[in-house]
1. If A:A244 satisfies all but one of (1) over 19 Å from A:I144 (Cα atoms); (2) of a type in the set (G, A, S); (3) away from every other protein chain (no Cβ under 14 Å), what's the number of the condition it fails?
2. Tell me yes or no: at least one residue of the range A:218-230 is in a helix (DSSP H, G or I), facing chain B (nearest Cβ under 10 Å), under 20 Å from the mean Cα position of the chain (by Cα) and not aliphatic (A, V, I, L, M).
3. Just give me the residues in the range A:84-104 being within 14 Å of A:R288 (Cβ to Cβ) and not in a loop (DSSP other than H, G, I, E, B), in sequence order.
4. One residue is enough: does the range A:79-93 have a residue meeting the conditions at pLDDT 90 or above, of a type in the set (S, T, Y) and touching a helix residue (DSSP H, G or I) at 6+ places or on another chain (Cβ under 7 Å)?
5. Yes or no: the range A:197-213 includes at least one residue that is farther than 21 Å from A:Y136 by Cα and part of a helix (DSSP H, G or I).
6. Does the range A:317-338 contain at least one residue that is in a helix (DSSP H, G or I) and farther than 27 Å from A:N34 by Cα?
7. Looking at the range B:132-160, which of the residues that are in a loop (DSSP other than H, G, I, E, B) and at pLDDT below 90 is surrounded by the most Cβ atoms within 10 Å (Cβ to Cβ)?
8. Just to check your reading of the model, which residue among B:I119, B:I51, B:I113, B:I61 is of a type in the set (A, V, I, L, M, F, W, C), at the interface with chain A (Cβ under 7 Å from one of its Cβ atoms) and under 20 Å from the mean Cα position of the chain (by Cα)?
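The values are calculated or read from the model by the stated rules, or taken from the named source; none is laboratory data. As the structure is a computational prediction, the values presented were derived from the model and not from experiment. Virtual Cβ from ideal backbone geometry, glycine too; neighbours counted across all protein chains shown.
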Amino acid sequence: MQVDIIYKKYIGKKKYVFIMLLLILFILSFIALNLGASKITLIDLIGFFSGINNQDANLIFWRIRFPRILAAIIAGAALSISGCIMQNNLKNPLASPFTLGISNAAAFGANVAIILLDAGSTQSSTKDAVIINNPYIVSVCAFIFSIFATLIVIKLAKLKFFSKEAIVLSGVALGSLFTAATTLIQYFAQDYQVAVAVFWTFGDLGRVSYKEVLIMAVATLISYTYFYVHKWDYNALEASDDIAKSLGVDVEKLRLRSLLLVSFATATSVSFIGVIGFIGLIAPHIMRRIIGSDLRFLMPTSAILGSVLLLLSDTLARTIISPIILPVGVLTSFLGAPLFLYLLIKGEARR
Amino acid sequence: MILRVDNLTFSYHSKIVLEEVSFTIHRGECFAVLGVNGAGKSTLLKCINKILIPDGGCVYIENKAVSKMPQIEVAKNIGYVPQRTNVSRMTVFDAVLLGRKPYIKLDVTDKDIQIVKDILKHLSLEKYSLKYIDELSGGEFQKVLIARALAQQPKVLLLDEPTSSLDLKNQIEVLDFIKKIAREKGITVVTIIHDLNLALRFADKFIMMKDNKIYSAGGEEVITEEAIKDVYSVDVKIENIRNKKIVIPI
């Protein structure tokens, strides 16, 4: 058979994987929509014969479950694409959306808002004791500090012509600096403020409404469009910096813009839902195993897998000890760590 | 005249790596760059296609200054095969297809696929097309890198020690192939090469570099016992066997 036909078939298979993943995401969303603390299912929404008031069903579906599912899909995709681009750009399998220190910077920002600007408070002694009075101040602060951290990392990396090592090292250094600063302000804070701040850091999808979902979607879409248009540049970068340059890629400019857009998408998500670990690390890893490191296919499939994983984690978090809802960030780390180790060990054995 | 290098100067951390390097190459010629390690050969290649930006001097391709071209335009004119490259996990077809990068707008066209198909056929790499490049032997891998550079449809091909990791059979096969393609398609080849006898077999012209400067440049006549003694600090004897110059270290 002709080489070009064989190749096109091979490419066709990869597209098939994407469609399969999309189907899984769709089914999962449907299941997630039907699960929850209140035993309401889609049937109640249409059914006249159920005892539950349609008004309640409407509220639970469209105001609580649906935005939450959308948030999981968008944040999962945003984190996963960001991780994919970071791993490609830094040629480092441990790179994630948080390599630049965004999670630490965002947490610091939130702490500043909650503790120094007093944006959080407690309610008497009920279980949901912590309340964030003004979520927008917290989000804005988290976002500002994330972007601020990114700009510093970029400024530092620029001195070394955006070498991969410079980016990783300045990211790690800045991350630990922000962690130290967070600890410092928590040390002098009131008990309840620390409680609120810790609660914020957990990462929870229940905080968002349609407005936040829309903002997250726009930020993710802007970044993704840039990444997708430059997929061949990233593929060239996969070979080596010199090869990429010889193929006409402006490597420094590409790295700078990629870092900015990764930070923009990640910071937007993190500001609204807190820190959710491991998704951005693990989804691209799994996909690379299945589909290879060709960014043309790795990006879209990682995005969908990120959505699937986060939605799955969140659905588990909502139902596992219902009616208590666990913060999804805890669950992704719990699921992510063993999965990551499994990939690591399996990968070692293969070589 | 296709490639003219004019007074090229480059320094790295205030250490001079290239000093006033000038030479001219005509279309279809095969050029060998000779010299000891650290003489500035790799840097010279990287300065020609703007992987490194020279401190002074200029490179012209068909009288157009490379420094004024956008990088993507450079990529359409100059192909480059580096000395070392990390082996990523991609298929041979994808790796060669990457050479079409300067021409790809958003997605590959059938024309790109056709070009890759032809090159693979030409290099008899067809049977490997869906094999991952990290599973290839050294010779096959080197060929893939050359195939990628050829997919750029360049006027000038820069090769940094293309044969250093190959056995004798593959060395000769790869160099003969490069020479054939250079003749057929009128591509000018500039290659760094360490084996003087291979260089003599392959190249039309030679540049000998010493201490970051050009020691001598020209045809076969520049390869003399004295020149080799000066450049490499090695005593050699040059013999003529079957009308071919052979360098024998003594």
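1. Going through (1) over 19 Å from A:I144 (Cα atoms); (2) of a type in the set (G, A, S); (3) away from every other protein chain (no Cβ under 14 Å) one by one, A:A244 breaks only (3).
2. Our first condition is that a residue be in a helix (DSSP H, G or I); within the range A:218-230, this holds for A:218-229.
Add one more test, that the residue is facing chain B (nearest Cβ under 10 Å), and what stays is A:228-229.
Then drop every residue that is not under 20 Å from the mean Cα position of the chain (by Cα), which leaves A:228.
Subset that is not aliphatic (A, V, I, L, M): A:228.
Yes, that holds for at least one residue.
3. A:C84, A:I85, A:M86, A:Q87, A:N88
4. Yes; the residues of the range A:79-93 include at least one that is at pLDDT 90 or above, of a type in the set (S, T, Y) and touching a helix residue (DSSP H, G or I) at 6+ places or on another chain (Cβ under 7 Å).
5. No, there is no match, as no residue in the range A:197-213 is farther than 21 Å from A:Y136 by Cα and part of a helix (DSSP H, G or I).
6. Taking every residue of the range A:317-338 in turn, at least one turns out to be in a helix (DSSP H, G or I) and farther than 27 Å from A:N34 by Cα.
7. Result: B:L136.
8. B:I51
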